[in-house]
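Peer 1: Quick one: this structure, given as structure tokens, is what I'll be asking you about.
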2 protein chains.
Amino acid sequence: MRRSIATVSLSGTLEEKLAAVARVGFDGVEIFENDLVSCPLSPAEVRRRVTDLGLGIDLYQPFRDFESVLPDVLERSLRRAERKFAVMADLGVDLMLVCSNVSPGAIDDDALAAAQLHRLAEAAAAHGIRIAYEALAWGRYVADYTHAWKIVESADHPYLGICLDSFHILSRGLDPAGILGIPADKLFFVQISDAPPLLMDVLQWSRHYRCFPGQGGFDLIGFLEHVVGAGYRGPLSLEVFNDVFRQSDVERTAADALRSLIALEEALGQRLDAHRTVVRERIALATPPPPVDLSGLAFVEITVDPMAELAAEQLLRRAGFAHVGSHRSKPVRMWQQGRARVLLNRTRPWGDDRPRGDVVISAIAVESADPSRSAERARQLLAPAVPRSYGPGEADLFATAAPDGTEVFLCRTDSADWLGDFDPHPVADLDGTETLTGIDHVALSQRPYHFDEAALFYQSVLGLRQHDNVEVADPYGLVRTRALTSAGDGVRLMLTVPAIGGGRLPETAHFQHIAFGCSDIFAAALAMRIHELPALAIPGNYYDDLSARYDLDASVLDTMRAFGILYDRDSKGEFFHFYTAMLGRRMFFEIVQRVDGYDGYGTTNTPVRMAAQYRHMAMAGLTW
Amino acid sequence: MRRSIATVSLSGTLEEKLAAVARVGFDGVEIFENDLVSCPLSPAEVRRRVTDLGLGIDLYQPFRDFESVLPDVLERSLRRAERKFAVMADLGVDLMLVCSNVSPGAIDDDALAAAQLHRLAEAAAAHGIRIAYEALAWGRYVADYTHAWKIVESADHPYLGICLDSFHILSRGLDPAGILGIPADKLFFVQISDAPPLLMDVLQWSRHYRCFPGQGGFDLIGFLEHVVGAGYRGPLSLEVFNDVFRQSDVERTAADALRSLIALEEALGQRLDAHRTVVRERIALATPPPPVDLSGLAFVEITVDPMAELAAEQLLRRAGFAHVGSHRSKPVRMWQQGRARVLLNRTRPWGDDRPRGDVVISAIAVESADPSRSAERARQLLAPAVPRSYGPGEADLFATAAPDGTEVFLCRTDSADWLGDFDPHPVADLDGTETLTGIDHVALSQRPYHFDEAALFYQSVLGLRQHDNVEVADPYGLVRTRALTSAGDGVRLMLTVPAIGGGRLPETAHFQHIAFGCSDIFAAALAMRIHELPALAIPGNYYDDLSARYDLDASVLDTMRAFGILYDRDSKGEFFHFYTAMLGRRMFFEIVQRVDGYDGYGTTNTPVRMAAQYRHMAMAGLTW
């Protein structure tokens, strides 16, 4: 289907918006009148610009409160409409949106509304312009699309039709099945947006919190199934009022928008195939290769400067990892324990903006049963390929950059290609300290307000499933976390983000970490204690509370207290976990044991952990 | 009344919170259990710390879902309660909060709830601890304080009473008059918070958006009138869950909190005096000197570096200002036209973090009929005095720093003191170009999320009146503005703030400006054009739209187009205004004419202005 976006969904001047929309690959735009009024280009110049960019203008929105008014108001609006028809002729757009009247002075008279819209359509027809009438969710008397359709039907003018907007229909819980009752040639335009499930005033919800498809909770597939079932074949246009998008990088937002539309088309195609309700072939929809099973993480790469490398190696060694290989052409060392691999990378340039000794998670590698299909899916979902250099004979892994800056490699370790890039390193006797089995999860910190963009990326590109948000009280600001998991839970990512921007560390949520799994937390803790792994100290008050909260065996509790092991329980099982000391200002490791299918991440203990980490840093004289 | 605050209202570790609360002058704290659990200090050590700081612990909150449960759950909770009584004994606190059960598994049986609370009170009494029962707005069966009181009344235990929380009562629109039906000795505790008028789910509203008194829309005076009318004389404790406060500087938030409580007490005292419903003398309330009439702004000071000073002087001269004086001991020059005075200040140090040529509004001076009374009021409302140096014989003006960093001077120009600090400068013939009459308003940009703090400061310290928020679509992010005006409108401040943080200019909203009033906008524009004042170019599309929107005389419209004059209209009158070019990256001047009592600020035109300004800067090669 034709892919379009309203200029109000994006940040910047009209020229910037048009350029970004064209660059990422949209077909058309809706122009919001305010964008044109603020623009020094004349309408004819805008038309030339749009044409040069290979775009079309699909809709223009100059009006509020047109219909259901007193005769003198109507005459004024019609005079104004003539001026706007002239602007539209210059712009080269032949469809005008008219939203239902929201004014307290509107008149509750469908016949009057129909007659006045008929007059507008008649005036528009003289210019070859059509009018699309839309019921706003907070329209004074017309707030339901079936009501708008009744008015349009009775107005009965070939230049008058309906605009459907998913927000106005789904925010009010209206049944989209009524769309099937509207003739295809009367469906002039369809606007799409999603919205998070907020119980709030619909006008505020609409103006500030709309989001791109897949970032909210609406059943847009069900909505679109009725739209195409009714025979609509026009543009799908994103009209998204969102405070974040208004201030974000315009091209980044445009890519996020188009990715959401491609993923939506893919899901719609699957639904149509399953239901066979319409002739699927008649509708051009994106069909990227389906997601591939991801069995786990082949490695996590952390980037270190030379100072931090020593600290990282010491921490890994004390946790029972061995240095098993060195990259043939890059300053990258591989450390391994069980199936857990950590790459320490010193290749990346360090700007002056980063403190010495800092450490960040820079890449993850997912195990794909078919890396080339995974890569092709990523490309079709606008995942930017990261250009990489290879030594002779080295593996050509596809890597993409997630919105949070993490590089995501797609690889298949059992076909053994990328491991060959490492010269094996003789492994010293590990002294029986190997207690970890693999990587349980990786927590990646996100920039404020770019949580949904990142989640949609990981969900659509990698085919991960999103779980519910959990709020965590960091002592210095509320943080939200959301897990994404692959089928079978081989890959577990935790995204963390400050609930609002402007905090102490505005770039991202503060902490990042890798959690390693084990089958006996007490054995792991003991082995690491013997090797003098610095663990995070947990306050005694935590254990006093734990003993008041749960009937834990006193000797088990004593051992937990001695090792700084924390505890959680869900409906399935139990969770034991402990943390290493910090590695730099942001990074640390976690050791976890899941008992009886516990499926969480111990987030109830996260505030205790964070407070301990900040105290640890303050004692060490570190600022953050 | 005793002034208290819950640790959950503030950012940081428990130690940081206690220190800040003591430093700004609170009497006590409520300790949230999570703060204690995360703290390495034992309860006894916390008690010592609190005592050393001169504070008391007024309440402890360790429980959820205590009452209305099955017998085995009750026994577990009672065992847990015993552990918590021991913690409370160590902390030295004798009041425990128990909120009404919110669990879906709660049992709807008031007699059961009463019996179970009686058992808890009996157990608590053995430790000398009292239980305060509170109805949460989203309690499963008990969500109304009158319902909670019925249960407490029937439980009939001397160690069981009621906690009232303004949020839980006013968020549900409950009538606080029922408080008068509760005996004073059963009112164990009162928690206070305000909240903005949001139509949303009450749980989300409560957890994220509560604010300090005067920053929201609740009738807290009416609430407290009933509380003191019922005979309550205990602490007023701020319990404010707010995402912003959680991440803000703890001492700054604590000062904001205490200021709000002082202003609330002042207003409560006035209400009690007016209604004479209770014996006012029995209640200790803050009584700062009442606000003084402010007739206008004596001057606005802008800080410039040497490079910007030339540009500023040229712009002022072309706008018809004259250099009328130079400060006797500081590099400050005064420019004047009509009653409008602008001080150009080069004294302030410029760090490397500011671009060369930058200009900011650094101070405003309000004309007070009684500057010393204004200063005393400011001090009592915790407005920090700015230490200043004076040359011999120079005026000793009181200055305070607003939360946005603006210095606010309190002066009285007709007693002529501060003008004497300036050596008069011979004024050249102004060529009849003096067209401006005074300062109409000043727009001060605020840091994201610190809007309410600043507004409460200006309102309480200066006695200004707050107007409604207006949203403005800056091309690079949504901005909110709020006007504050003095009685008679002599002082008009406009606060502007990004709607959310994390945008391109995270520090504050981008633009600051001074608007000068005139009585003939066309004469002013002509005079300034003759003197080659660079004005901001407004797009032709704006005038095309204006002519479609209003019946403006064609020749007037042509003149407006020629001079870049914009237009607005409200229910009273009309508004004409135009803008100078930018002075640095953030600053500009506006010339305005109010016709027939127009009372707005032309914010409908602000997006057009902003887009023009960003384009202007881009053309000049400036980044922002």
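The values are calculated or read from the model by the stated rules, or taken from the named source; none is laboratory data. From a predicted model like this one, the values you see are computed outputs, not experimental measurements. Cβ coordinates were reconstructed from backbone atoms using ideal geometry, including for glycine residues, and neighbour counts include every protein chain displayed.
Peer 1: Among the residues of region B:23-42, count how many are in contact with a strand residue (DSSP E or B) (Cβ under 9 Å, 6 or more places away or on another chain) and more than 10 Å from chain A (Cβ to nearest Cβ).
Peer 2: Looking only at that region, the number is 7.
Peer 1: (1) crowded, with 17+ Cβ neighbours inside 10 Å; (2) closer than 24 Å to B:D219 by Cβ; (3) of a type outside the set (A, V, I, L, M): which one isn't true of B:R172, the others all being true?
Peer 2: Evaluating B:R172 over (1) crowded, with 17+ Cβ neighbours inside 10 Å; (2) closer than 24 Å to B:D219 by Cβ; (3) of a type outside the set (A, V, I, L, M) leaves (1) as the failure.
Peer 1: Restricting attention to region B:184-195, does a residue exist that is touching a strand residue (DSSP E or B) at 6+ places or on another chain (Cβ under 9 Å), assigned to a helix (DSSP H, G or I) and not small (G, A, S)? So that I can check it myself, show each step before the final result.
Peer 2: First, pick out the residues of region B:184-195 that are touching a strand residue (DSSP E or B) at 6+ places or on another chain (Cβ under 9 Å): B:185-195.
From what is left, the residues that are assigned to a helix (DSSP H, G or I) are B:185-186.
Pick out the ones that are also not small (G, A, S) and you get B:185-186.
For region B:184-195, residues touching a strand residue (DSSP E or B) at 6+ places or on another chain (Cβ under 9 Å), assigned to a helix (DSSP H, G or I) and not small (G, A, S): present.
Peer 1: Give me the residue from region B:171-194 that is within 22 Å of the chain's Cα centre (by Cα) and within 16 Å of B:S237 (Cβ to Cβ) and, out of that set, nearest to the other protein chains (Cβ to nearest Cβ). Walk me through how you get there before you give the answer.
Peer 2: Filtering region B:171-194 for residues within 22 Å of the chain's Cα centre (by Cα) gives B:171, B:191-194.
Imposing the further condition that a residue be within 16 Å of B:S237 (Cβ to Cβ) reduces the set to B:191-194.
Details: B:Q191: 19, B:I192: 22, B:S193: 17, B:D194: 19 Å.
The qualifying residue nearest to the other protein chains (Cβ to nearest Cβ) is B:S193.
Peer 1: Please work out which residue is farthest from A:A284 (Cα to Cα), limiting yourself to region A:205-220 and to residues that are assigned to a helix (DSSP H, G or I), touching a strand residue (DSSP E or B) at 6+ places or on another chain (Cβ under 9 Å) and more than 9 Å from chain B (Cβ to nearest Cβ).
Peer 2: From region A:205-220, those assigned to a helix (DSSP H, G or I) are A:205-209, A:220; that's our starting set.
If we keep only those that are touching a strand residue (DSSP E or B) at 6+ places or on another chain (Cβ under 9 Å) as well, we get A:205, A:207-209, A:220.
If we keep only those that are more than 9 Å from chain B (Cβ to nearest Cβ) as well, we get A:209, A:220.
Working: A:Y209: 30, A:L220: 17 Å.
Residue satisfying both the conditions and the ranking: A:Y209.
Peer 1: Pick out the one residue from A:R276, A:R259 that is charged (D, E, K, R) and modelled with pLDDT under 95. Spell out the reasoning first.
Peer 2: Values: A:R259 fails: modelled with pLDDT under 95.
The conditions single out A:R276.
Peer 1: Next question, about the same structure. Can you pull out the residues in region A:130-166 that are closer than 16 Å to A:H118 by Cα and among the hydroxyl-bearing types (S, T, Y)?
Peer 2: A:Y133, A:S154, A:Y159
Peer 1: Still on this structure: Being surrounded by fewer than 19 Cβ atoms within 10 Å (Cβ to Cβ) and modelled with pLDDT of 95 or more: is that true of B:E30 here? Give the derivation first.
Peer 2: Details: surrounded by fewer than 19 Cβ atoms within 10 Å (Cβ to Cβ): no; modelled with pLDDT of 95 or more: yes.
Here the answer is no, as B:E30 does not meet what is asked.
Peer 1: If you check A:E33, A:E45, which single one turns out to be without any contact (Cβ under 8 Å) to a residue 24 or more places away in the chain and under 22 Å from B:A548 (Cβ atoms)?
Peer 2: Working: A:E33 fails: without any contact (Cβ under 8 Å) to a residue 24 or more places away in the chain.
Of the residues listed, the single one that is without any contact (Cβ under 8 Å) to a residue 24 or more places away in the chain and under 22 Å from B:A548 (Cβ atoms) is A:E45.
Peer 1: While we're on this one: Which of the residues belonging to region A:37-80 are among the polar types (S, T, N, Q) and not in a helix (DSSP H, G or I)? Break it down into steps so the answer makes sense when it comes.
Peer 2: At the first step, the residues of region A:37-80 found to be among the polar types (S, T, N, Q) are A:38, A:42, A:51, A:61, A:68, A:77.
Passing the criteria: A:S38, A:S42, A:Q61, A:S68.
Peer 1: Among the residues of region A:582-589, is any touching a Lys or Arg at 6+ places or on another chain (Cβ under 8 Å), of a type in the set (A, V, I, L, M, F, W, C) and either outside any strand (DSSP E or B) or buried (at least 22 other Cβ atoms within 10 Å of the Cβ) (or both)? Can you show your working first?
Peer 2: The initial filter retains those residues of region A:582-589 that are touching a Lys or Arg at 6+ places or on another chain (Cβ under 8 Å), namely none.
No, because not a single residue in region A:582-589 is touching a Lys or Arg at 6+ places or on another chain (Cβ under 8 Å), of a type in the set (A, V, I, L, M, F, W, C) and either outside any strand (DSSP E or B) or buried (at least 22 other Cβ atoms within 10 Å of the Cβ) (or both).
Peer 1: Within region A:320-330, track down each residue that is in contact with a strand residue (DSSP E or B) (Cβ under 7 Å, 6 or more places away or on another chain) and over 12 Å from A:T437 (Cα atoms).
Peer 2: Taking region A:320-330 as the starting set, the residues that turn out to be in contact with a strand residue (DSSP E or B) (Cβ under 7 Å, 6 or more places away or on another chain) are A:320-328.
Within region A:320-330, A:A322, A:H323, A:V324, A:G325, A:S326, A:H327, A:R328 qualify.
Peer 1: Being within 14 Å of chain A (Cβ to nearest Cβ), within 14 Å of the chain's Cα centre (by Cα) and under 19 Å from B:E30 (Cα atoms) narrows it down to one of B:F241, B:F245, so name that one.
Peer 2: Values: B:F241 fails: within 14 Å of the chain's Cα centre (by Cα).
On inspection, the qualifying residue turns out to be B:F245.
Peer 1: Looking at region A:1-16, is at least one residue among the hydrophobic types (A, V, I, L, M, F, W, C) and modelled with pLDDT under 95?
Peer 2: Yes, region A:1-16 has at least one match.
Peer 1: Tell me, please, whether a residue that is surrounded by 16 or more Cβ atoms within 10 Å (Cβ to Cβ), within 17 Å of B:M494 (Cα to Cα) and in contact (Cβ under 8 Å) with a residue 24 or more places away in the chain can be found in region B:517-534.
Peer 2: Yes, there is a match, as at least one residue in region B:517-534 is surrounded by 16 or more Cβ atoms within 10 Å (Cβ to Cβ), within 17 Å of B:M494 (Cα to Cα) and in contact (Cβ under 8 Å) with a residue 24 or more places away in the chain.
Peer 1: Using the structure shown, decide if B:A483 is assigned by TED's automatic domain parsing to the domain that holds B:L316, surrounded by 18 or more Cβ atoms within 10 Å (Cβ to Cβ) and in contact with a Cys (Cβ under 8 Å, 6 or more places away or on another chain). It would help to see each step written out before you state the result.
Peer 2: Numbers: assigned by TED's automatic domain parsing to the domain that holds B:L316: yes; surrounded by 18 or more Cβ atoms within 10 Å (Cβ to Cβ): yes; in contact with a Cys (Cβ under 8 Å, 6 or more places away or on another chain): no.
Answer is no for this residue.
Peer 1: Which is away from chain A (no Cβ under 12 Å) and over 20 Å from B:D489 (Cβ atoms), of B:R609, B:R594, B:R561?
Peer 2: Of the residues listed, the single one that is away from chain A (no Cβ under 12 Å) and over 20 Å from B:D489 (Cβ atoms) is B:R561.
Peer 1: If you don't mind, another one. Return only the number of the condition from (1) touching a Gly at 6+ places or on another chain (Cβ under 7 Å); (2) free of Cβ contacts under 8 Å to residues at least 40 places away in the same chain that B:R549 does not satisfy.
Peer 2: Among (1) touching a Gly at 6+ places or on another chain (Cβ under 7 Å); (2) free of Cβ contacts under 8 Å to residues at least 40 places away in the same chain, the lone unmet condition for B:R549 is (1).
Peer 1: Same structure again: State yes or no: is A:G105 farther than 21 Å from A:E30 by Cα, small (G, A, S), touching a Cys at 6+ places or on another chain (Cβ under 9 Å) and in a loop (DSSP other than H, G, I, E, B)? Quick ask: steps written out before the conclusion?
Peer 2: Working: farther than 21 Å from A:E30 by Cα: yes; small (G, A, S): yes; touching a Cys at 6+ places or on another chain (Cβ under 9 Å): no; in a loop (DSSP other than H, G, I, E, B): yes.
So A:G105 fails the test.
Peer 1: Tell me yes or no: at least one residue of region B:548-563 is in contact with a Lys or Arg (Cβ under 6 Å, 6 or more places away or on another chain) and modelled with pLDDT under 95.
Peer 2: Among the residues of region B:548-563, at least one is in contact with a Lys or Arg (Cβ under 6 Å, 6 or more places away or on another chain) and modelled with pLDDT under 95, which makes the answer yes.
Peer 1: Of all residues in region B:445-476, which are in contact with a helix residue (DSSP H, G or I) (Cβ under 7 Å, 6 or more places away or on another chain), part of a strand (DSSP E or B) and within 14 Å of chain A (Cβ to nearest Cβ)?
Peer 2: Hits for region B:445-476 are B:V470, B:V472, B:A473, B:D474.
Peer 1: Let me ask something additional. I'd like the full set of residues that are hydrophobic (A, V, I, L, M, F, W, C) and either more than 14 Å from B:Y614 (Cβ to Cβ) or outside the structural domain of A:V87 (by TED's automatic domain parsing) (or both), limited to region A:11-39. Walk me through how you get there before you give the answer.
Peer 2: Here is the first cut: in region A:11-39, the residues hydrophobic (A, V, I, L, M, F, W, C) are A:14, A:18-22, A:24, A:26, A:29, A:31-32, A:36-37, A:39.
Of everything in region A:11-39, those that are hydrophobic (A, V, I, L, M, F, W, C) and either more than 14 Å from B:Y614 (Cβ to Cβ) or outside the structural domain of A:V87 (by TED's automatic domain parsing) (or both) turn out to be A:L18, A:A19, A:A20, A:V21, A:A22, A:V24, A:F26, A:V29, A:I31, A:F32, A:L36, A:V37.
Peer 1: If A:I538 meets every condition in (1) among the β-branched types (V, I, T); (2) more than 14 Å from every other protein chain (Cβ to nearest Cβ); (3) touching a residue at least 40 places away in the same chain (Cβ under 8 Å) apart from one, which number is that one?
Peer 2: (2)
Peer 1: Now for a separate question. Out of region A:1-22, which residues are part of a helix (DSSP H, G or I), in contact with a strand residue (DSSP E or B) (Cβ under 9 Å, 6 or more places away or on another chain) and within 11 Å of another protein chain (Cβ to nearest Cβ)?
Peer 2: Once the filter is applied, which keeps residues that are part of a helix (DSSP H, G or I), in contact with a strand residue (DSSP E or B) (Cβ under 9 Å, 6 or more places away or on another chain) and within 11 Å of another protein chain (Cβ to nearest Cβ), region A:1-22 yields A:T7, A:V8, A:L14, A:K17.
Peer 1: Also, quick follow-up: For the condition at the interface with another protein chain (Cβ under 9 Å from one of its Cβ atoms) and out of contact with any helix residue (DSSP H, G or I) (no Cβ under 9 Å at 6 or more places or on another chain), what is the one hit in A:R76, A:R80? Don't jump to the end; show me each part of the working.
Peer 2: Values: A:R80 fails: out of contact with any helix residue (DSSP H, G or I) (no Cβ under 9 Å at 6 or more places or on another chain).
When all the criteria are applied, what remains is A:R76.
Condition check ((1) among the aliphatic types (A, V, I, L, M); (2) without any contact (Cβ under 8 Å) to a residue 40 or more places away in the chain; (3) outside any loop (DSSP other than H, G, I, E, B)) across all residues:
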{"position": "B:L203", "(1), (2), (3)": "yes, no, yes"}
{"position": "B:G222", "(1), (2), (3)": "no, no, yes"}
{"position": "B:R246", "(1), (2), (3)": "no, no, yes"}
{"position": "B:A257", "(1), (2), (3)": "yes, no, yes"}
{"position": "B:L264", "(1), (2), (3)": "yes, no, yes"}
{"position": "B:E281", "(1), (2), (3)": "no, yes, yes"}
{"position": "B:L285", "(1), (2), (3)": "yes, no, no"}
{"position": "B:P290", "(1), (2), (3)": "no, no, no"}
